[in-house]
Structures are given as structure tokens and as C-alpha cells.
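**Student:** Structure in C-alpha cells, see below.
The values are calculated or read from the model by the stated rules, or taken from the named source; none is laboratory data. The structure presented is a predicted model; accordingly, all values stated were derived computationally and were not measured. Every residue, glycine as well, gets a Cβ built from its backbone with ideal geometry; the counts of neighbours run over all protein chains shown. Only protein heavy atoms, including side chains, enter the accessible area calculation; ligands, DNA and RNA are left aside. Shrake-Rupley method; radii C 1.70, N 1.55, O 1.52, S 1.80 Å.
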Number of protein chains: 2
Amino acid sequence: MGGDHGLRSTVPASIKFAENNPKVNVKLFAVKDASLSIPSLSNLEIRYCESSVAMDESISVALRRKMSSSMAQALVEVENRQADICVSAGNTAALLAFGYHILGAYSGLKRPAICKPIPTLIGHSYMLDLGANVNVEPSVLHDFAKLGCGLSRLVDGNSSPKVALLNIGTESKKGNEVIQQAHALLKNDKTLNYSGFIEGDSIYSGHVDVIVCDGFVGNVALKVSEGVARMALSQLKESFKSSLYGRALGQFARPLLRKWRTQFDPARYNGACFLGLNGSVIKSHGSADSLAFQYALEMAHDFASKKTTELLRDEMAEFITS
Amino acid sequence: MGGDHGLRSTVPASIKFAENNPKVNVKLFAVKDASLSIPSLSNLEIRYCESSVAMDESISVALRRKMSSSMAQALVEVENRQADICVSAGNTAALLAFGYHILGAYSGLKRPAICKPIPTLIGHSYMLDLGANVNVEPSVLHDFAKLGCGLSRLVDGNSSPKVALLNIGTESKKGNEVIQQAHALLKNDKTLNYSGFIEGDSIYSGHVDVIVCDGFVGNVALKVSEGVARMALSQLKESFKSSLYGRALGQFARPLLRKWRTQFDPARYNGACFLGLNGSVIKSHGSADSLAFQYALEMAHDFASKKTTELLRDEMAEFITS
């Protein structure tokens with residue numbers, strides 16, 4: 001139900017995904033709507049719910065009044081082991097709150113985190129937290145490092161992921177108190193392949209596999225990237241449009257430019273995971289169109305097939321007790 | 001002396017600037033070096049200094065031992081009214097510390113800030129702080145808003161600059177405690193045209209004239225932008241290089257692509273100002289090449305010609321006492 005485009009984006013993407021993956025069962029949770037038309041596919045079903053969570057609804061209101069919403073019911077399906085993973089383009093804060101409330105978090109873990117693979121010059125890196133935690137203690141950043149490295153190991157088979165702490169310089173004294181203390185914790189943790197500080201201009205270099213930061217900084221970094229990407233695309237279009245010569249050239253260059261756009265646009269990696277919950281949840285970008293939502297579904301499929309949540313919980317239990 | 005390219009970038013830029021601006025006197029502060037060759041121009045002189053501040057030198061060491069450095073001596077020249085403004089591509093932290101030590105700050109102002117015009121889709125906006133203050137109180141963010149608006153008024157003649165607070169959402173409850181309290185201060189300040197929160201993806205939209213944030217977040221946002229821009233350029237180059245067709249097309253498209261690059265690259269606006277010091281200081285990006293350093297010199301010229309520092313101090317004195 002959620003996202004900027006609502007059913008116009010999520011439903012066609014889900015149909016396409018169900019068609020492409022006949023062995024995967026897709027369940028849609030939605031409020032009954034005249035515009036909803038679902039083809040008859042053996043692996044696609046729809047569950048009608050009483051309500052949905054609005055994009056700007058406050059968490060407290062949602063938690064109190066919206067247990068029968070499509071969002072909450074999809075998470076209950078995961079909790080009841082009737083689904084392996086839940087994907088939503090809706091209200092991030094509400095999805096996280098319902099996720100925490102319905103699924104619970106790994107025992108011993110202070111805070112779950114939002115984590116996303118970001119495209120780099122040579123592949124992708126995982127960045128966390130991206131907005132779940134605006135105030136963090138150093139030990140929480142330490143936990144994020146473990147979660148991110150676990151993800152890199154489990155999803156990408158990377159045996160010794162390199163992790164870095166986002167800071168405003170690479171010299172050892174840079175940053176605030178929390179960053180300084182987290183740096184000490186990470187340096188002393190011999191189970192991690194910690195490479196020290198990373199600056200904002202290097203996160204897309206691919207030099208490290210996991211980038212750790214608090215949710216405020218991570219959220220700003222991710223959204224700023226989208227803003228720059230949008231400006232780049234828009235101004236490139238303008239330069240090609242600014243003359244007859246440019247317009248003609250633009251016609252010839254179109255396939256190349258489209259390829260570039262797909263490759264470089266930070267939005268193409270659609271799908272963030274909520275790490276630390278006792279159940280798998282993928283959050284699609286609210287602005288995702290149908291194609292982008294399909295990416296999120298594919299990511300969810302990969303994530304669930306690899307039993308990432310369960311394996312990560314086992315791994316973290318070891319780390320937390322050790 | 002500073003920056004990644006040292007004299008190879010700053011000296012040619014200064015010569016070019018002196019040639020283009022015969023009525024402006026340019027004084028270079030440098031350690032004697034065999035490679036230093038300065039043409040005889042009536043408005044260009046060189047002052048030899050005993051030492052220079054290293055890019056990674058700690059502030060405390062610099063302040064104790066480097067008063068005779070090129071950086072400190074250039075600031076003393078401003079303090080003694082023998083120069084209207086100082087431009088450096090060197091160690092940012094040391095430049096700020098020396099600036100504070102030698103020039104002092106506006107009376108009543110808690111913290112000076114690093115501020116930069118950032119390119120937007122429709123012009124530019126001022127963003128501050130960009131790294132001088134990693135921990136701020138709400139009242140400091142309030143001061144930053146006043147400084148930024150003063151700059152927009154004085155440099156751009158914008159009579160009622162729109163100011164926004166960088167946050168991870170636009171809903172009123174988003175963000176941490178400091179952001180919430182700063183939001184209240186800004187909302188209640190009737191001398192400001194405050195438009196509320198702005199998210200990272202909108203800072204390049206040009207919807208507001210001044211964007212306020214703490215130095216940690218601002219520094220990350222700026223550097224992440226550079227990283228995305230670099231990735232965009234590099235991957236665009238790659239797509240044109242990836243086939244014979246692309247290479248041929250690239251030849252024709254070169255002028256267009258160069259124009260786009262100049263227009264969109266966030267690095268093109270080279271030059272950050274230290275706002276709140278009793279003297280004018282412009283910091284060039286360390287990675288600036290000769291052309292980029294020339295931009296910083298031109299920005300400095302404009303800044304000094306408009307007596308920005310003096311007028312801003314008068315304006316702030318009014319605000320602080322009122």
C-alpha cells in the first residue's frame with residue numbers, strides 16, 4: 001500500500017516477480033481497492049486488510065490503532081512462519097516499530113539497524129545505520145559493525161569483510177566523543193577486519209565492505225547522494241538539450257546514457273534490510289517505481305533464500321556472549 | 001604552501017589572478033623553494049617564511065611552534081590590516097585554529113563556522129557548518145542560521161534569505177534532541193525566514209538559500225557529494241569508452257560533457273569562508289588544481305570587495321544584543 005506510487009508500483013512489480021519466479025509464493029497485503037486487479041497466478045495471492053498505515057502516520061498512533069493494517073499483517077505472517085520475508089515501500093519508522101513490536105530483536109542486541117548495499121566503483125558496500133537510530137552509544141556502533149560484516153559474509157560470501165567508521169577525517173583524533181570511543185572498540189575487536197576511519201568522499205570507492213555510522217549521518221549521506229545523482233542526470237539532460245547539435249547527439253548517445261544512469265544512480269540498489277530483528281524485513285525506497293520495487297523483491301528473495309536473518313542471529317549470539 | 005598540489009596549484013593560479021586583476025595586490029607567503037619562480041608583476045609580491053604547516057599537523061603543535069609559518073604570517077597580515085583577506089589550501093583545522101587565535105571571533109558569538117556556497121539546480125545555497133564544530137548546542141545552530149542569512153544578504157543581495165535545518169525527515173518530530181530544540185529556536189526567531197526541515201536529497205534543489213547543520217553532518221554531506229560526483233564522471237567516461245561506437249560518440253560529445261562537468265561538479269564552487277572571525281579567511285579545497293584555486297581567489301576578491309566580514313560583524317552584533 002505504501003510508497004509514493006502505492007499500488008501502481010508495488011502490484012505490477014509483484015506480478016512480474018511472481019511470473020519470473022514460479023517457485024516463489026508472493027502474498028500481497030492490501031486494502032480492497034477497485035483499481036486492484038490481480039491476474040490468476042498459482043503463486044500469487046492477495047489478503048485484504050482493514051486499513052493501511054499512512055506515510056506520515058506517527059509511530060505511536062500506528063502501533064495503537066493499526067494492528068489490522070496491511071503492514072502489520074504482513075509482518076505477522078513472517079512472525080507466524082507463513083512467510084520468509086516481508087517487503088514494504090511504506091512508512092519506514094512505522095515498519096521498524098511494527099517489526100520490533102511483532103518480530104522482536106536478537107536477544108542481547110541493543111538496537112536494530114537499517115542497512116543497505118550502496119553501489120561503488122567496483123561493486124557494492126554495506127552501509128548502516130541509515131535512519132533507525134539518531135542517537136547511538138559507541139557500543140551500538142560496534143554492534144552495527146558486527147551486523148554489517150555478518151551480512152557481507154552471509155550474502156556475498158566475503159570471509160573477512162573490511163569495515164570502516166565514517167568520520168570527517170582519517171587522522172586518529174578526528175570526530176566527536178562517540179566516534180572516538182567506537183574507534184577504540186572496533187580497533188580492539190580482533191574478530192573484525194577494521195580499517196579505521198573513512199571520509200564521505202570515499203564511501204563510493206569500494207575500498208571497504210562495510211561502512212558504519214549513526215542513523216542521522218547515514219540517512220543524510222544516502223539522501224544527499226540521491227540529490228547529487230538527480231542533479232547530475234538533470235543537468236546532463238539539459239546540456240544535451242541546449243543546442244540542436246546536442247539534441248542530435250543525444251539521440252545517438254541515448255543507449256549509452258541509459259546504461260550509465262542505471263549503473264551510477266545510487267537509487268538503483270533499491271532495498272534496505274532491517275538488521276537485528278527476529279524476522280526478515282526489506283524496506284523499498286518510497287519513491288521506487290515498478291522496476292525499482294522489483295529490485296527490492298529480488299533482493300528479498302536472495303536474502304531469504306540464504307537464510308540471512310537466521311544465520312546472522314546465530315553469529316551475533318556468539319559475538320554477544322563471547 | 002598547502003593542498004595536495006602545493007605550489008604547483010597555488011602559484012600559477014595567483015599569477016593568473018594577479019594578471020587578470022591589475023588593481024588587486026596579491027601577496028604570496030611561502031617557504032623559499034628552488035622551484036618557485038614568480039614573474040615580475042607590480043601587483044604580485046612574495047614573502048618568504050621560516051616554515052609551513054603540514055597537512056596532517058596537529059593543531060596544538062601548529063599553534064605552539066608555527067607562528068612563523070606561511071599560514072600564520074598570512075593571517076597576521078590580515079590582522080594588521082595589511083591584507084583584506086587570506087586564502088589558503090592548507091590544513092583546515094590549523095587554519096581555523098590560527099584564524100581564531102590571531103584574528104579572534106565576533107564578540108558574543110559562541111563558535112565560528114565553515115560555510116560554502118553549494119551549486120544547486122537553480123543557483124547556489126549556503127551550507128554551514130562544514131566541519132569546524134562536531135558538537136553543537138541548539139543555540140549554536142541558531143547562530144549559524146543568522147550567519148548564513150547574513151552572508152546571503154551581503155554577498156547575493158538577497159533581502160529575505162530562506163533558511164532550513166538539515167534533518168532526516170520533514171515531519172516535526174524527526175531528528176534528535178539538538179535538532180528539535182534548534183527547530184524551536186529558529187521557528188520563534190521572527191528576524192529569520194525559516195522554512196523548517198530539509199532532507200539530504202533536497203539540498204541541491206535550490207529551494208532554500210541557507211542550510212544549517214552541525215559540522216560533522218555537513219562535512220560528511222559535502223564529501224559524499226564529491227564522491228558521487230566523481231563516481232558519476234568516472235562511470236560516464238567508462239560507458240563512452242566501452243565500445244568503438246561510444247568512443248567515436250565521445251569525441252563529438254566532449255564539449256557538451258565538459259560543460260556539464262563544470263556545471264554539475266560540486267567541487268567547482270571552490271572556496272569556503274570562515275564565518276564569525278574578525279578577519280576574512282577563505283579556505284580552498286585541498287585537492288584544488290590551479291583553475292579551482294583561481295575560483296577561490298575570485299571568491300575571496302568578491303567577498304573582500306563587499307566588506308562581508310565587517311558588515312556581517314555589525315549585523316551579528318545587533319542580533320546578539322537584541
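**Student:** So what's the gap between the Cα centers of region B:254-318 and region A:230-292, to the nearest angstrom?
**Tutor:** Measuring centre to centre over Cα atoms gives 31 Å.
**Student:** By the gyration tensor of its Cα atoms, with a ≥ b ≥ c the square roots of the eigenvalues, what is the shape of region A:212-322: rounded for a/c under 1.5, prolate for a/b over b/c, or oblate?
**Tutor:** Verdict is prolate for region A:212-322.
**Student:** Moving on to the next point. For a quick protection proxy, order the peptides A:216-228, A:5-17, A:82-94 by their average other-Cβ count within 10 Å, most packed first.
**Tutor:** Result, highest mean Cβ count within 10 Å first: A:216-228, A:82-94, A:5-17.
**Student:** Another one. With the other protein chains left in place, how much accessible area per residue, in square angstrom, belongs to region A:117-270 at a 1.4 angstrom probe?
**Tutor:** 38 Å²
**Student:** Distances from A:GLY104 to the same position in the other copies: list them in nm, one decimal, shortest first, using label points 7 Å from Cα along Cα→Cβ.
**Tutor:** Taking the point 7 Å beyond Cα along Cα→Cβ, the inter-copy spacings are 6.4 nm.
**Student:** Please list, in chain and number order, the residues 5+ apart from A:ILE282 or on another chain whose amide H is under 5 Å from its amide H, with Hs placed from the backbone.
**Tutor:** For A:ILE282, the qualifying residues are A:CYS86, A:VAL87, A:SER88.
**Student:** Can you list the residues, at least 5 places off or on another chain, whose amide H is less than 5 Å from the amide H of A:LYS162, using H built in the peptide plane?
**Tutor:** Sorted by chain and number, the residues that satisfy this are A:ASP209, A:VAL210.
**Student:** Could you derive backbone 3J(HN,Hα) for region B:171-181 from the dihedral phi with the Karplus parameters 6.51, -1.76 and 1.60 (θ = phi - 60°), listing whole Hz in sequence and x where the residue is Gly or Pro?
**Tutor:** Result, rounded to whole Hz: 5, 5, 8, 6, x, 8, 4, 4, 4, 4, 6.
**Student:** Same structure again: Short version: ³J(HN,Hα) in whole Hz for each residue of region B:284-299, in order, from phi by Karplus 6.51 cos²θ - 1.76 cosθ + 1.60 (θ = phi - 60°), x for Gly and Pro, what are they?
**Tutor:** Computed from phi, the couplings for region B:284-299 are 7, 4, x, 8, 4, 7, 4, 5, 5, 5, 4, 4, 4, 5, 5, 4 Hz.
**Student:** One quarter of the convex hull surface, Cα atoms only: what value does that give for region A:10-103 in nm²?
**Tutor:** Directional mean of the projected Cα hull area for region A:10-103 stands at 6.0 nm².
**Student:** Right, next: In whole percent, and with a 1.4 Å probe on the protein chains, what portion of the accessible area of the protein assembly as shown is carbon and sulfur?
**Tutor:** Carbon with sulfur: 51 percent of the solvent-accessible area.
**Student:** To continue, here is another question. What aspartates and glutamates does B:LYS27 reach when the alpha-carbon gap must be under 15 Å and sequence neighbours fewer than 8 apart in one chain are set aside?
**Tutor:** Partners found: B:GLU19, B:GLU45, B:GLU77, B:GLU79, B:ASP84, B:GLU298.
**Student:** Let me ask another. Wrap a convex hull around the Cα atoms of chain B, take a quarter of its surface area, and give that in square nanometres.
**Tutor:** It is 18.5 nm².
**Student:** May I pose another question? Highest GNM mean-square fluctuation, chain A, Cα pairs closer than 10 Å: which of A:ILE282, A:ILE46, A:ILE203?
**Tutor:** So, out of A:ILE282, A:ILE46, A:ILE203, the one fluctuating most is A:ILE46.
**Student:** What are the aspartates and glutamates whose alpha-carbon lies under 17 Å from the alpha-carbon of B:LYS173, with same-chain residues fewer than 8 places away excluded?
**Tutor:** A:ASP56, A:GLU57, B:GLU199
**Student:** Tally Lys and Arg at +1 and Asp and Glu at -1 over the other residues with C-beta under 13 Å from the C-beta of A:ILE38: what net charge comes out?
**Tutor:** That sum, taken over residues with Cβ under 13 Å, equals +1.
**Student:** Report the B-A buried area as the accessible area lost on both sides summed, probe 1.4 Å, in Å² to the nearest 100.
**Tutor:** Protein heavy atoms only, the B-A interface buries about 4800 Å².
**Student:** Let me ask you something else. Just to confirm the numbers: A:GLU137, label point 7 angstrom along the Cα-Cβ line, distances to the other copies in nm, shortest first?
**Tutor:** Result for A:GLU137, in nm, nearest copy first: 2.6.
**Student:** Give the relative contact order (percent, whole number) for region B:1-94; include only Cα pairs under 8 Å separated by 6+ residues.
**Tutor:** Computed over region B:1-94, the figure is 31 percent.
**Student:** Further question on the same structure: Using θ = phi - 60° and the Karplus form 6.51 cos²θ - 1.76 cosθ + 1.60, what ³J(HN,Hα) does each residue of region B:78-91 get, whole Hz, x for Gly and Pro?
**Tutor:** Using θ = phi - 60°, the values come out as 5, 4, 7, 6, 8, 8, 8, 7, 10, 10, 9, 9, x, 3 Hz.
**Student:** With an 8 Å cut-off on Cα pairs and a minimum separation of 6 or more residues, tell me the relative contact order of region A:117-270 in percent.
**Tutor:** 32 percent
**Student:** Right, another one. Determine the shielding of peptide B:212-219 by partner chains: average, over its residues, the number of Cβ atoms on other chains within 10 angstrom of each Cβ.
**Tutor:** 5
**Student:** Based on Cβ point charges of +1 for Lys and Arg and -1 for Asp and Glu, what charge dipole magnitude is obtained for chain B about its Cα centre, in debye rounded to the nearest 20?
**Tutor:** So the magnitude is around 720 debye.
**Student:** Over 23 Å between Cα atoms, which of B:LYS237/B:LYS259; B:LYS23/B:LYS307; A:LYS16/B:LYS241; A:LYS146/A:LYS187 qualify?
**Tutor:** Over 23 Å apart, Cα to Cα: A:LYS16/B:LYS241.
**Student:** Turning to a different aspect of this structure: So what is the relative contact order for chain A, in percent, with contacts set as C-alpha pairs under 8 Å and at least six apart?
**Tutor:** That works out to 24 percent.
**Student:** Two-decimal Rg/Rh of the protein assembly as shown from alpha-carbon positions, Kirkwood Rh?
**Tutor:** 1.00
**Student:** Nearest 500 deg cm²/dmol is fine: what mean residue ellipticity at 222 nm does chain B get from its DSSP H runs of n ≥ 4 alone, each adding -39,500 (n - 2.57), divided by its residue count?
**Tutor:** -15500 deg cm²/dmol
**Student:** Along each of its three principal axes, how wide is the spread of alpha-carbon positions in region A:117-270, in whole angstrom units, largest first?
**Tutor:** Computed over the Cα atoms, the extents are 61, 32, 27 Å.
**Student:** Shortest first and in nm to one decimal, what separations exist between B:GLU45 and its copies in the other chains, measuring from label points 7 Å along the Cα-to-beta-carbon line?
**Tutor:** The answer, with the shortest distance listed first, is 8.8 nm.
**Student:** I'd like the accessible area for B:ARG313, computed on protein heavy atoms only with a 1.4 Å probe and all protein chains in place. Round to 10 Å², please.
**Tutor:** Its accessible surface works out to 80 Å², give or take rounding.
**Student:** Right, another one. Starting from the amide H of A:ILE46, placed 1.01 Å from N in the peptide plane, find each other amide H under 5 Å away whose residue is 5 or more places distant or on another chain.
**Tutor:** Counting only residues 5 or more places away or on other chains, the set is A:LEU28.
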